[in-house]
Each structure stands twice: as structure tokens, then as C-alpha cells.
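Asker: A single structure is presented below for examination.
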Amino acid sequence: MGRFIFGIIFGAVLICGGAFIYFTSGMAPVAATAQPMPFERLLAGMALHNKLHSDAPKTVPIQPTAANLLGGAHVYVQDCAFCHGMPQAEASAEGAGMFPHAPQLFTRRGMVTDDPPGFTFWKVKNGIRLTGMPSFEKALSDKQIWQVSLLLNKADQLPLSVAAALAPAPAPAAAPAAKPAPKRR
Ligand code: HEC
């Protein structure tokens, strides 16, 4: 029995010591550009998944009307595009420089159209801990958060008027030809 207890204590000390050395020796990754720690992605993913299933709202209080989607588009341009990119545009370089990367929410790979809008609402309102995803609870009203959540839910089937609000700005008209510089005498 004594040996068994000694074994457990010894094992616990070994695990704690190993973790201590891992975190104090500079071996654990801290740069945004470094590889994930062992189990980091799995554990963080599991925690978020379970939280969403228990806490995210199950019903959506507003309809995906053109007006609400347009409201969402304005929120998106102002508060999200910097990290999550715009439709038909280059991916956000800042979003790619984060750990984990900010998904490009208007690309096939990054779209969250399969997520219930309540999940997106929860993520935008509360943020995602230990990632660059901020909480917008203090910056946006619940209505604005629902609007942008519905926009992302319908990202692959937006009405034209809404898609236009997210379209790249048209190229500026050709500038009038510059006057030739006056000749020096
Ligand atoms: C400063 C950068 C930044 C800004 C600004 C930002 N996000 Fe994020 N967002 C992130 C990062 C990084 C992640 C990835 C988190 C992860 O992998 O768990 C993320 C994740 C998300 C996700 C989850 C995507 C998925 O695949 O599950 C949604 C939805 C989202 N953001 C929506 C928004 C909306 C809407 C806004 C604007 C109101 C916004 N974000 C603003 C950085 C940002």
C-alpha cells in the first residue's frame, strides 16, 4: 500500500515537474506564429463546443430581412473586416498573423453558414478566450450582434443590395492627365 501511494505521489510530482520545466524553460510556444502546444487545439475546441451547446441562444429574435442584413453588413465592414476579410478581396494579412488565424468569413473554407446563428451570436458577444477574437458586448447592441450573425449565416446567399454594400469599392475614374510641367528656362 505504502509503495502504491508513493507511486502516485511520485507520478504526480513528475508530471507537475515536467509541466513546470516545459513552461519555465522557454520551450512552450508563446509567439502568435508558433506551432500549437500539444493538445491545445483539441482542449480549446472541446471547451468551446460544450459551452456553445449549453449557453448559446437557441432562438433568433430578428428576421433575416434585407434591412437587418444591411445593418449587419455595416457592422461587419466597421468592426470585423480588418481581421476576417471582405468578399472578393485578398485575405486579411493581420488575420493570418494571429494565432489561431482569423477565419476569412466570406471564403468557402471560412464561412460559418452551417453554424446556428445563436452560436455566432455567442462568439461575437463573448469573444473567444485565448484567441484574437474580441468580445463585442460593450461595443455593439444585441440587435447589431444578431444582424451581423445573420449576415454571416447567409453569407453564401445574400440579396444583391447587401452584397453591394460589401463589394470592393469601384476603381477610381482615371485621373485627368497631368499638365506638363512648365518648361524651365
Ligand atoms: C482583432 C481581430 C478580430 C476581429 C476585429 C474580429 N474577429 Fe472574429 N475571430 C478572430 C479570430 C482570431 C478568430 C478565431 C478564433 C478561433 O480559432 O477559435 C475569430 C473567430 C470568429 C468566429 C468563429 C469562426 C468559426 O469558424 O467558428 C466568428 C463567427 C467571428 N470571429 C465573428 C466576428 C465578427 C462578427 C466580428 C465583428 C463584429 C469579428 N469576428 C471581429 C479575430 C477577430
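Asker: Would you check which residues across the stretch 112-133 are under 25 Å from Val30 (Cα atoms) and more than 6 Å from the ligand (Cβ to nearest atom) and list them?
Answerer: Asn126, Gly127, Arg129, Leu130
Asker: Also, quick follow-up: Being under 20 Å from Lys51 (Cβ atoms) and among the acidic types (Asp, Glu) narrows it down to one of Asp79, Asp114, so name that one. Don't jump to the end; show me each part of the working.
Answerer: On the way: Asp79 fails: under 20 Å from Lys51 (Cβ atoms).
Only one candidate passes the filter, namely Asp114.
Asker: Going through the stretch 95-104 one residue at a time, which ones are within 6 Å of the ligand (Cβ to nearest atom), without any contact (Cβ under 8 Å) to a residue 60 or more places away in the chain and hydrophobic (A, V, I, L, M, F, W, C)?
Answerer: Ala102
Asker: Quick check: anything in the stretch 53-60 among the aliphatic types (A, V, I, L, M), at pLDDT 90 or above and surrounded by 10 or more Cβ atoms within 10 Å (Cβ to Cβ)?
Answerer: Yes, some residue in the stretch 53-60 is among the aliphatic types (A, V, I, L, M), at pLDDT 90 or above and surrounded by 10 or more Cβ atoms within 10 Å (Cβ to Cβ).
Asker: Follow-up question, since we're still on this one. Restricting the stretch 19-38 to residues that are polar (S, T, N, Q) and part of a loop (DSSP other than H, G, I, E, B), which is farthest from Ala96 (Cα to Cα)? Outline the logic, then answer.
Answerer: Initial filter on the stretch 19-38 (polar (S, T, N, Q)): 24-25, 33, 35.
Filter again for part of a loop (DSSP other than H, G, I, E, B), leaving 25, 33, 35.
Working: Ser25: 28, Thr33: 9, Gln35: 14 Å.
Among those that are polar (S, T, N, Q) and part of a loop (DSSP other than H, G, I, E, B), it is Ser25.
Asker: Can you confirm whether Met133 is surrounded by 15 or more Cβ atoms within 10 Å (Cβ to Cβ), at pLDDT 95 or above and touching a Lys or Arg at 6+ places or on another chain (Cβ under 9 Å)?
Answerer: Numbers: surrounded by 15 or more Cβ atoms within 10 Å (Cβ to Cβ): yes; at pLDDT 95 or above: yes; touching a Lys or Arg at 6+ places or on another chain (Cβ under 9 Å): yes.
Yes.
Asker: Can you tell me which of (1) more than 11 Å from the ligand (Cβ to nearest atom); (2) under 24 Å from Pro61 (Cα atoms); (3) touching a residue at least 60 places away in the same chain (Cβ under 8 Å); (4) small (Gly, Ala, Ser) is the one Ala167 doesn't meet?
Answerer: Failed condition: (2).
Asker: Let me ask something additional. Taking the stretch 71-94 as the search range and keeping residues that are over 20 Å from Asp142 (Cβ atoms) and touching a residue at least 40 places away in the same chain (Cβ under 8 Å), which one is farthest from the ligand (Cβ to nearest atom)?
Answerer: Across the stretch 71-94, the extreme among qualifying residues is Gln88.
Asker: Does the stretch 86-93 contain any residue that is under 10 Å from the mean Cα position of the chain (by Cα) and under 28 Å from Pro29 (Cβ atoms)?
Answerer: Taking the stretch 86-93 and keeping what is under 10 Å from the mean Cα position of the chain (by Cα), we get none.
Taking every residue of the stretch 86-93 in turn, none turns out to be under 10 Å from the mean Cα position of the chain (by Cα) and under 28 Å from Pro29 (Cβ atoms).
Asker: Determine which single condition Arg109 fails, assuming it passes every other condition in (1) in a loop (DSSP other than H, G, I, E, B); (2) under 25 Å from Thr33 (Cβ atoms); (3) of a type outside the set (Asp, Glu); (4) near the ligand (Cβ under 8 Å from one of its atoms).
Answerer: Against the list (1) in a loop (DSSP other than H, G, I, E, B); (2) under 25 Å from Thr33 (Cβ atoms); (3) of a type outside the set (Asp, Glu); (4) near the ligand (Cβ under 8 Å from one of its atoms), Arg109 comes up short only on (4).
Asker: Which one of these is more than 10 Å from the ligand (Cβ to nearest atom), of a type in the set (Ser, Thr, Tyr) and over 19 Å from Met46 (Cβ atoms): Ser149, Ser141?
Answerer: Ser141
Asker: Looking at the stretch 50-70, can you tell me whether even one residue there is over 15 Å from the mean Cα position of the chain (by Cα), under 22 Å from Val162 (Cβ atoms), within 10 Å of the ligand (Cβ to nearest atom) and in a helix (DSSP H, G or I)?
Answerer: Scanning the stretch 50-70 turns up no residue that is over 15 Å from the mean Cα position of the chain (by Cα), under 22 Å from Val162 (Cβ atoms), within 10 Å of the ligand (Cβ to nearest atom) and in a helix (DSSP H, G or I).
The values are calculated or read from the model by the stated rules, or taken from the named source; none is laboratory data. Keep in mind it's a predicted model, so treat the numbers as computed, not measured. When we count neighbours, we look across all protein chains shown, and the Cβ atoms used for this are built from the backbone with ideal geometry, even at glycine.
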